Structures are given as C-alpha cells and as structure tokens.
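A.B. asks: If you scroll down you'll find the structure; I have some questions about it.
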Number of protein chains: 2
Amino acid sequence: MVELEVEPYGAKVNVKRGTRLLNALNTAGMTVRSECGGKGICGKCKVIIKDLSSFTETTDWKGELSNPELRSGYRLACGCAIVSDATVYVPEETRLMTRKFLIEGTERSVTVEPAVRKLFLRVPPPSLDDVRSDARRVLDALKETYGIDVVKIDYLLFKNMPRILRDAAWKVTAAVWNDKEVFSLEKGDTSDEAYGVAADIGTSKIIIYFSNLINSQIVTTESAENPQMKHGEDVISRISYALKSEAHLKEMQQAVTSCLNTMISEACKKLGLSPQQIYELTVVGNTAMHHLFLGIQPKHLGLSPYVPVVSDSINEKARNLRLKVNPAANVYVFPVIAGFVGGDAVADIISTGIHEANELSLVLDVGTNTEVILGNKRELTACSCASGPAFEGAHIKFGMKAVSGAIEKLDIEPNPYSVSYLTIGKVKPLGLCGSAVIDAVASLLKCQLVDRAGKFTEDFQSPRFAKMNGQKAFVLVSKMEGAARDIAITQKDVREIQLAKAAIYAGCSVLMKKRRIKPCDVKKLYIAGAFGNYINLTNAKMIGLLPDIPAERVTLVGNAAGAGARMALISRKMRQVATKVSRKVDYVELALEPDFQSEFTAAMFFPHRDLDRFPSLKNVF
Amino acid sequence: MVELEVEPYGAKVNVKRGTRLLNALNTAGMTVRSECGGKGICGKCKVIIKDLSSFTETTDWKGELSNPELRSGYRLACGCAIVSDATVYVPEETRLMTRKFLIEGTERSVTVEPAVRKLFLRVPPPSLDDVRSDARRVLDALKETYGIDVVKIDYLLFKNMPRILRDAAWKVTAAVWNDKEVFSLEKGDTSDEAYGVAADIGTSKIIIYFSNLINSQIVTTESAENPQMKHGEDVISRISYALKSEAHLKEMQQAVTSCLNTMISEACKKLGLSPQQIYELTVVGNTAMHHLFLGIQPKHLGLSPYVPVVSDSINEKARNLRLKVNPAANVYVFPVIAGFVGGDAVADIISTGIHEANELSLVLDVGTNTEVILGNKRELTACSCASGPAFEGAHIKFGMKAVSGAIEKLDIEPNPYSVSYLTIGKVKPLGLCGSAVIDAVASLLKCQLVDRAGKFTEDFQSPRFAKMNGQKAFVLVSKMEGAARDIAITQKDVREIQLAKAAIYAGCSVLMKKRRIKPCDVKKLYIAGAFGNYINLTNAKMIGLLPDIPAERVTLVGNAAGAGARMALISRKMRQVATKVSRKVDYVELALEPDFQSEFTAAMFFPHRDLDRFPSLKNVF
C-alpha cells in the first residue's frame, strides 16, 4: 500500500501500489472531471504531480496537454499509476464543479450537470470498407469516445448533417440532450461554448437569466413587463380574456413568446452571441402563466375545482414553441402543483431547500397571488392566497413599482407628524412602492392615526390630513416638501392593505392549523417575491402580514422562483427533484376550508383581532 | 387437481381446484386476449363455459357481456375459478390473433400487436377533493385500467384535452403509441376503430396498403406512378436532380408526399373514413426513395463510397412529414442497409423470413436496381446490381409496363416461326412487359435466331425478320396479325437484356463466391419485384438471369417489400426484427470486388460463357 495526498483538499488515502491515479482520486472521494470515462480522450482529468517519480505513465496519453504544462508536472489522472507515496494537486478546472446559489441570507450548492453536453468528436470518414451511414458513425463515435449510448438524432439535423460533417473534415462537436438525443452538430471543437436561458414568467414581470452552461455563470439578466398586462393585471382577467376564443388564447401565447424572443435577442446582441448558441431553456411560472406560455386553454383554472390541464413537467422543442433560439433546443417547463400553485412554488421549494430540511419551514412567495408552503423533508403543504396586487403598488392611490422615484422606506414620527423616507435612485419622490405602503400603514398604526380596525381616527389637526376624492388621506410627502405631487395614503389604501394581508395571514393560519403547528414551531420563514428584499420586517409584523415568528428566523430570498429555474438549467438532478416535489406537495384549497372565512375576517384587524396571536406585540398595542 | 379441456384446441391441462380460469388457460398455453391484465375491465377474455356448475364466479365482473351472451354461457375468464373438471370454448375473438401473410407460395404468421392501441377509459372527473390535472388523470386511468405506465402526451393534445374530456363526460378513448405516448383522445368508446397505412415507395410505383389495425385486415390497396418519375426513371437521375438545390430536394419530397396524400384521401373517401382515423404509417423504400421521402439530401448516395445519411429506423410525427393523416400519428420508416440496399431489402428479408431459416436462401428483388440477399439465420450478405429498367419494360423498343394490352407470356415455334402469346386483359396487344421480353429472348435463343453471344444470326428468311432504325429485329406480332402495331424485338433489346441479366447474375455469383457457396447449396430462391408473378422460370434460367437452381426451390413472392411494410404495421416485434436484420446484413460493394468485372463479362453470354455454371442446361446448348 502507498499513501496518496490530495491537495488542495489535504485528504490522504491509502491505495494499492499500481492503482490508477483516476481511481485513487475517486477512492479518496475527490470526484474529478472525466467525460470520456478514463480513456485519455477528453483531457479533463489533468492534475499536477509534485514528484513525477512517484508515478509511472501507463499510457502515452497526453490529452490536450501543452509542452509547458507537461514540464510543470501536468498529467492526465487516467494515464498514471501510483508507485510510491505521492502528492498531487487537483487544479480548479479539474474539480467537478458545484455552483453556489446565493439567495440573500441562504446558500444552496448544486452540482453542475446540465442536460446539454457538447462533445467534440473525431468521426472516422467513410470509405469503401466502412460504409456506415453518417448518423451511425456519429453515434458510434459518441459511444466510443464518451461511452454514451445515444439513440436519437433530431429529425431536422439529418438535413444538414452530411454537409456539416464534410465541411468540418469529420471533426465536429455534437450537442447532446440528456445523453439521449443529438440535436445539433457544429464544425470543429465548440465544446466550450454553450448557453442556456432560465425564464421566470411572472404575472407582472418576465425575467430571463442568460447563463453559460459550461461554467454555470450568469452572463446577463434581462427583465420586462409581461405584455399580457394589457389584458388584466391578475391571472383571473388573463384567463377570462384567453377563454373568449382560440385567437385570444393564441394572442396571449404570442405576447409572452415574443417578449421572451425580444429579451433573448437583445441579450445576444449585447453579448455578441447568436441565438443558435442557446441550447436549452428552463421556464417557471404560476399555473396560468404556464398554460398561456404553452398555448393551453386555461379556462378550467378559473372554474371550480380549478384543475390544470397538465401538471407534469414538459420537455418540448423550442421550434414548436416558436422561441427563437437553437430550433432543436429543449424547453423544460417546470411541473405545477395545482390550479393556483404553480411551477413558481415548486421552484421556491427547490431553491430554498425546505424539502430536504429537518426543521419546519414556511415559504411565502408574495405577489398578486401569494403562494404559501409549509413543511420539511417529511411533508409539504401549500395553498394560494388571493392577496391582490397591493404589495406591488397597484390599487394604491400613489402606489407604483419599485423603480427609480419610488419611496421604498418610510417612517412617521408623531408631533408634529414628520415623515422621513428613502427613495430609489435618490430622485424626487414619485410614489410608494409596496414596502413603503407597509411602512406607511404601520406608522399610521403606531401613531394611532389608524385604529386596529383600519379606520382613520377623527383627530384631524395636522395639515397632513386631507380629503382626496371624498376619502380621508394622510399626506406623506407634499409637493412643497419636494415631491413631484402630494403623495398620500388614503383610507381606501389602508382597506386594500387589510384585504391583502388578511388573505396571506389567513392562508398561513389555515395551513398551520391543518398541520397542528403554532408560529413558534416554524424554525425558518422565507419571504420571496418582488418586494422581498426591501420589506421592513418589524412593520410587516406590526400590520399582521406575517405570523408572529422571531425576526432572526426570517430570511428574505428575493426571486426564489427565478433561482429555482436557474438551478434546473444547470442540473438535471434538480429537475428530478422538482418532479418529486410537485407530486409530494399536499394542496389545500382555501375556499374549501371551513375556517378560512373566519380566519380571514379576524385577520382584517391590525395585527389581528385576537392579540394572543401576536405575543411579541403585546407591549405595542 | 381438476382437468380443464380447452376447445377448439382440444388441449387438456390439470390445474389446482380454485385456479382462476384466465391463469388456467395461460398454463395450458392458450394465450387469450386480456388488455386490462385480468381486472374485469376490458371484457376481452370472454369464453363459453360448457357447464356453468364447474366454475364459481369469483367476482361480479360481467364486462361488456350482454344478457343473451350470459345466457349462452359466456363469462370473463378473469372472473371465474374452476371447481371441477370442465370444458371451455375459446371463441375466435378471444384468441390472441396471428395474421397469416400469404405471399404466393409462402406463408408467414405474425402475431398482431400494433404499436397503436386504442383504449377506452372512464376517467374520474375532478372534484374539490381530487384536483389532479386532466393529463394526470388520463395517465392514471391508463395505469389503473390497463396497467400501462404511459409517461408522455403529445404536446398538441394538451390544447384540446380539456374540451374533449368534458364533452365526453369523461368517457374517452385514448390512442397510445408503443405504450409510451398518448397522442389522440376521442369522445366515447372508439376502441374498435383504428386504421393504418403501409406504404411501399418504389422508384417507379408507389403502393399503399390501407389496413384495419384492430383485425389486421387490408381494407383497400391503391397504387400510383411515382411522380418523381418526370425527373428520371432511375435513382441516379433522381439524386442528380435533388442535389441541384434545396428547392429541388424539397420538390422531390413534396412530389412523393402529395402523391401519398392523394392516395390516402381517395382511399378514405372510398371507405367513408376520415384521414384522422389513420393512426400510424409504415414506409419502405430503397435508400434514395427513403432520403427523398424524408427530405434528406441524397447527394452522397451517388458519390463513392455511397453512404446514406441515416440508416436506423426513424419514427417521426406525420405532421412533421406533412402527411395528411392524424397529425400526431407516428410514421415508422424502415431502416436501410447501405446506399444501394434500402429498407425494401430489409422488408424482403423479414417477409420471406430467411433471417430465421436454417436453410440457405437467396432473395432477388428485381427492379431498376436489383437487391440480392444471400444467407440464413446465421449470416446475411447483400449487394445491389444496377440491372436497369429493362425488366420493367423500359429501354426495350416495344416494352411497356405490365398493364392491360401488354403481352405477358410468349413462345416462338420454329418453322415457320409462329408466335403464340397471352395479353393482359385479353385485348389487342400493345407491347411487351418484362416477362414477355424474357420469353422472347429465350425463344430466339431456343430457335437459334440469336446466338449465345446475343447476336442475331444472319439467316434471315422469314417475313418476321425486319430492320428497324437500322437494327435487326424479329416481329413477334404484326399489325396484320391483330396487334395495334408491329411488335418486334430488336438486336438492341437483346443487348439490354444481356446487360440487365448479366448484372444480376454477376451479383449473385460474387455473393456466392464470397460465401463459398455453389448454386446447388441454395435451398430456396425467392424472386420478388413487380414482374415476379408472371415470369417463366424456365426461360429466365435459359437466358441465365437466375443461377442454376432447380425450379422446385424457386418461389415467386411478388411485392415482398410491401408485405414487410404490412407486417411492420401490425407488429411491433417485426420492427425490432427489422432493426436487428438491418444491422446484421453484411453489405458487399460490387464495384470493389475484383471478380465482379470478369463475372459480369462472362454472364453477358446466354446463359453464361461457362456452360458448367448451368449443368441443367447442358442438353439444351
């Protein structure tokens, strides 16, 4: 036996003299890259050997190693056998990559294993002694070089295959999907070029993450308003529009596809890439967005019992979905859970990892519909709350999106009601984004200008009190104070917030009751969604938007659905996990829950009709 | 133990008292239909029980049995257990079908197991307690009712699925391909309606066999001239035309697809069916026809080393091939062997069954290119001979296709050269089809009017001798004798036949030499191709078209390629066999064989330069 030390890990392992280095590294638990499975072809398993005399070279495989590399001690791990105690250094490019997903405050590691592999091939040219078809010789070369038994070739590729192979003098790169299908063939070695797009189709906003599939880095991000918006801001209006006719449905599908195409084409221009170089897409969205993207009639999502047409994940060619990328690229569409709990909830789960956790977690993905997921690795329960778009600034008199000019943080000091605030982009304030609306309501409550029932008090003495369209209002920033216009919060705004937060709280509450769980049992609360990163947690709790869970257990995770789509883009395993998760989640239809209506009514109060629900606020109210 | 007698087979088997009848029948080796796997759902395993007291009914499953049936003793085999010695009759509809393919003189049985299954489902409707998606509940119903784990649904079906399910009150019939994909869903029970088309795309003629996939009967056959004909009668001219531009290639593809579409649409009209009811197609053709049908560039088929772009079988949706049948129907395209040995040769092999035979067989599929296949279950070797279209009547002065007015049989008696003949359709003779050309040449040879080198003798004394365009000619039927015009055979015609038959004979000869086989070792000779059914074997041997194999070993099998396509249409297993066969066949490129040229030259003589090759003709010459 001899000892092998592996740097930079510092691991030591004893192996038999004569063991192949590649095997020894595996024994030591150091998984290194080896696309050809140890045949000396791919050149990916290169390591630096400290003392060359401790190894024998069992083959003359030099892979793609250059002379300077060879002089520096680089060798292929598959071509060396260990003969005496030795030390090797595994350089970064040889390590099997894992990509860390940094979601604010949390971090998940995903092993990089995209469904798309680009593999360089030296295909033996035909001769009178070897008359195999072009296709067969490509598949045979894949088998011989990389040991993968691909059986399918995209039908349209047959049309160009003979020309590509001959133009390239039989040196080509095959793009292979899931080790099952060759769908693209390119001249020469392009194995280090592959891009993918993760798309998050939100009811209001569409975001694409443009990724390098080789090193799993995000190269650019684009976002745009969902162009379906003109047919309604919530999913119900979109469904109503789409069910009118086949033409309406088609229009809705085209709206989102052409938006994606525009974003992709702009990103490509910026990066100097061709859309042809995009080899896969992953798409996540709520169930209505999912159906409309696929051109599937969403009618029954709006009718009891609200069932989707399809819930399993879908893999379909980009050309059939009219996406302008490589026409044979696969589009992976996330599975959905139910009519109102879509792929975004599945993505929330896999990106927060609550399906693997021992501790009980709660995820709120706040939006026009707020998805609530409660559980851990044993059980998962989800529901959807019709929270409306108030937290996205809609239906609020001076509400706006979280863009430049929006007040994002706000506080009211009593006597004589001075208001401090922070504006996005540090420009003249134009309006209030969701987080500021929460701050405003919480401040009014704290100053007792609004009572626990949500009513403006009659004590109107300050010049900040006003009437707007017959509504009582409190001016937060007046034109004189430098705003573009008087920015106020009205009685109706407070009512909107009450409805929205009551819907979310009641959803959480019903789920917890069903599972016989108290807020104190929840060890982790993840808040996802557009406003997640700006929200003031104290104020959110003050108005009773969140259950009474200590602040240190709360994590703001931003666009968790988008993170899930990005994970699925670089990892086949995450797709299997998504399928498992989507089938495991127990869906609760709130409309069916006898407690829901009473929970909702009680939650209309600030923070709740029953103050026992908020023990940590007992000294405040 | 009790004894069960099974009629009409007369089989007897001893089974344990209490054994389920379905299992007892299986033990007795009587495979009966049971699509649901014995769950009392499909109603296919019905049998007639002679004495009902010999069984107990273990369930109340009555399947689809009517009251008159029940009174006549019909019961489901899956719902009865045997209690005492008993006799049951298995009616024809319950027997697992095998379909006999009658190819003239030979017969092959194929178990009917089409890739397409139509399965009636009672899908549980959704409720607030059961919010599975439409797709999931269809797949679950398939699993529960028929035990098959289908994972895929044709993407376009999602668009209509919700409407179909609800219009049909959740009673639907699913069309499933290869137990893998649901591709059609229909209202109500249409499980007894399914049609398929087997298409044989010949260089000259396209034939479709329209089949009922439920009972495997051919319902109609249509044929048409291949419309690519205007761009050349042989594959080389077609290839030359197609390689000129993308548009030419497309034109060639469209020509054959629209011909198929017209034939299918006419057949549907005749039968009162909708093209939607065609659920699968199988397509066979030589490699050039194969490439052109698929829109694949055939350029390299015409250039050494003559490799196809793709050789494995292809399954592609009808809509992608622009075939006007059910758009989601699968089109199975036969695998090919080499550039000049196509799917037709594979189909010849599976329909003659030489790949399963112990005895050594030779198959000749005579056409513009003649495929020659030699072998048995251990080895198969094939080559392609450029025999030209002479045997199809082309390049022969008075040659014509085997249609009404063509002389199909002919004999010349010497002194004073009287000619007897038989005309197709018993009308005025218009010309000579392939078989008559062979008869004419053989007769001229027999009368010594043509010598063994193929030269017209100088002894011109009869009025039947003539000169036509400077060519010596022999008038077979003159206008005066009732022909539409003087029908003759010319010196040039004899030369054409020499070239054609020499090509075929030399091909056979080279293959046999390579395998060290003598004609007397060949136990079966199958002659396939258009003229197969009319040919006079004695005359064919006389001119040396066939190796010297005794007549009793020769079988004329007509369109063996079409028979193979029909077999594949009703049997998944035959497709696996086709793939295996296509990979197993050893292809011989005649151009590379050093012996070929000398074999060809020697075979230009009648029957051969070396009379030792034809021992049975020694007394004739």
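Nothing in this text is a laboratory measurement; each read-out follows from the coordinates by a stated rule. The structure presented is a predicted model; accordingly, all values stated were derived computationally and were not measured. Note that we place each Cβ from the backbone using ideal geometry, even for glycine, and neighbour counts take in every protein chain shown.
A.B. asks: Suppose every Lys and Arg Cβ carries +1 and every Asp and Glu Cβ carries -1, with no other charges. What dipole size does the stretch B:116-187 come out with about its Cα centre, to the nearest 20 debye? Mind showing how you got there, number by number?
C.D. replies: Working: 14 positive and 11 negative charges, 39 e Å.
Here the stretch B:116-187 has a charge dipole of around 180 debye.
A.B. asks: Would you kindly enumerate the cysteines in chain A that have no other Cys beta-carbon under 4.7 Å from their beta-carbon?
C.D. replies: A:CYS45, A:CYS78, A:CYS80, A:CYS259, A:CYS268, A:CYS383, A:CYS385, A:CYS433, A:CYS447, A:CYS508, A:CYS520
A.B. asks: How long, wide and thick is chain A, going by the Cα atoms along their three principal axes, in whole angstroms, largest first?
C.D. replies: Dimensions of chain A along the principal axes of its Cα atoms: 95, 59, 50 Å.
A.B. asks: Also: Write down the percent of antiparallel bridges among all DSSP beta bridges whose residues are both part of chain B, to the nearest 5. Don't jump to the answer; show the numbers that get you there.
C.D. replies: Values: 80 of 112 bridges.
Of those bridges, close to 70 percent are antiparallel.
A.B. asks: Could you give the dipole magnitude of chain B about its Cα centre, charging the beta-carbon of Lys and Arg +1 and that of Asp and Glu -1, in debye to the nearest 20?
C.D. replies: Numbers: 79 positive and 69 negative charges, 91 e Å.
Dipole size: approximately 440 debye.
A.B. asks: If you put a point 7 Å past Cα along the Cβ direction, how far is that point for B:ARG322 from the same point in each other copy, in nm, smallest first?
C.D. replies: 2.1
A.B. asks: Still on this structure, I have one more. Relative to the other copies, what are the label-point distances for B:ASP85, with labels 7 Å from Cα along the C-beta vector, expressed in nm at one decimal and sorted shortest first?
C.D. replies: 8.7
A.B. asks: Among DSSP beta bridges lying fully in the stretch A:393-491, give the percent that are antiparallel, nearest 5.
C.D. replies: On the way: 15 of 18 bridges.
Rounded to the nearest five, the antiparallel share is 85 percent.
A.B. asks: If you don't mind, another one. In the stretch B:267-305, which residues have a backbone nitrogen under 12 Å from the label point lying 7 Å from B:ASP167's Cα in the Cα-to-Cβ direction?
C.D. replies: none
A.B. asks: How many angstrom separate the Cα center of the stretch B:269-330 from the Cα center of the stretch A:372-431?
C.D. replies: What the calculation gives is 59 Å, centre to centre.
A.B. asks: Length gain on complete extension for the stretch B:GLN254 to B:THR58, per 0.36 nm per residue less the alpha carbon to alpha carbon distance?
C.D. replies: On the way: separation 196, 0.36 × 196 = 70.56 nm, distance 5.86 nm.
Additional length available on full extension: 64.7 nm.
A.B. asks: To the nearest 500 deg cm²/dmol, what mean residue ellipticity at 222 nm is calculated for chain A from DSSP H runs of n ≥ 4 alone, each contributing -39,500 (n - 2.57), summed and divided by the residues?
C.D. replies: Details: 14 runs with 164 residues, N = 621.
Counting only the DSSP helices, I get -8000 deg cm²/dmol.
A.B. asks: Take the alpha-carbon centre of the stretch B:453-484, take the same for the stretch A:462-519, and report the distance between them in whole Å.
C.D. replies: 109 Å
A.B. asks: Still on this structure, please answer the following. Using a Förster radius of 30 Å, what is the FRET efficiency between A:LYS143 and B:MET229 based on their Cβ-Cβ separation? Nearest 0.05, please.
C.D. replies: On the way: r = 41 Å, r/R0 = 1.35.
With a Förster radius of 30 Å, E is 0.15.
A.B. asks: Give the chain A residue with the shortest beta-carbon distance to the rotation axis relating chain A to chain B, plus that distance as a whole number of Å.
C.D. replies: A:ASN320, 5
A.B. asks: Between the stretch B:559-574 and the stretch B:151-218, what is the C-alpha centre distance in whole Å?
C.D. replies: When both Cα centres are located, 19 Å separates them.
A.B. asks: How far apart are the B:GLY40 label points across copies, placing each 7 Å from Cα toward Cβ, in nm, shortest first?
C.D. replies: 6.7
A.B. asks: Does the stretch A:393-491 come out rounded, prolate or oblate, given a ≥ b ≥ c as the square roots of the eigenvalues of its C-alpha gyration tensor, rounded meaning a/c under 1.5 and, failing that, prolate meaning a/b above b/c? Each step should come with its number before you reach the end.
C.D. replies: Working: a/c = 1.59, a/b = 1.50, b/c = 1.06.
Prolate, since a/c reaches 1.5 and a/b exceeds b/c.
A.B. asks: Another one. Which lysines, if any, have their Cα less than 18 Å from the Cα of B:LYS152, not counting same-chain residues under 8 positions apart?
C.D. replies: Correct list for B:LYS152: A:LYS152, A:LYS180, A:LYS317, A:LYS580, B:LYS118, B:LYS143, B:LYS180, B:LYS317.
A.B. asks: Do any of A:LYS426/A:LYS618; B:LYS187/B:LYS270; B:LYS409/B:LYS501; A:LYS409/A:LYS492 go past 26 Å between their Cα atoms, and which?
C.D. replies: Details: A:LYS426/A:LYS618 36 Å; B:LYS187/B:LYS270 24 Å; B:LYS409/B:LYS501 18 Å; A:LYS409/A:LYS492 21 Å.
Checking Cα-Cα distances, A:LYS426/A:LYS618 exceed 26 Å.
A.B. asks: Only four residue types carry charge here, +1 at the Cβ of Lys and Arg and -1 at the Cβ of Asp and Glu. Report the dipole size of the protein assembly as shown about the Cα centre in Debye, rounded to the nearest 20.
C.D. replies: Working: 158 positive and 138 negative charges, 85 e Å.
Magnitude of the dipole: close to 400 debye.
A.B. asks: Under a plain spin-label model, where a point goes 7 Å from the Cα along Cα-to-Cβ, how far apart in nm are B:THR221 and B:ASP521?
C.D. replies: 3.5 nm
A.B. asks: Additional query: Of B:TYR74, B:VAL47, B:SER34, whose Cα points farthest to the positive end of the dipole of the stretch B:1-142 (charges on the beta-carbon: +1 Lys, Arg; -1 Asp, Glu; origin at the Cα centre)?
C.D. replies: B:SER34
A.B. asks: Could you give me the percent of Cα pairs per 20 Å distance bin for the protein assembly as shown, shortest bin first, beginning at zero and ending with the bin that holds the maximum distance?
C.D. replies: 10, 28, 30, 21, 8, 3, 0
A.B. asks: Name the shape class, rounded, prolate or oblate, that the alpha-carbon gyration tensor gives for the stretch B:2-94, where a ≥ b ≥ c are the square roots of its eigenvalues, rounded holds for a/c under 1.5, and otherwise prolate holds if a/b is larger than b/c and oblate otherwise.
C.D. replies: Details: a/c = 1.38, a/b = 1.30, b/c = 1.06.
Note, shape of the stretch B:2-94 comes out rounded.
A.B. asks: Take the alpha carbon gyration tensor of the stretch A:549-603, find the square roots of its eigenvalues, order them as a ≥ b ≥ c, and report rounded if a/c is under 1.5; if not, report prolate when a/b exceeds b/c, else oblate. Intermediate values should be presented prior to the final figure.
C.D. replies: Numbers: a/c = 3.34, a/b = 1.61, b/c = 2.08.
Taking the square roots of the gyration eigenvalues as a ≥ b ≥ c, the stretch A:549-603 is oblate.
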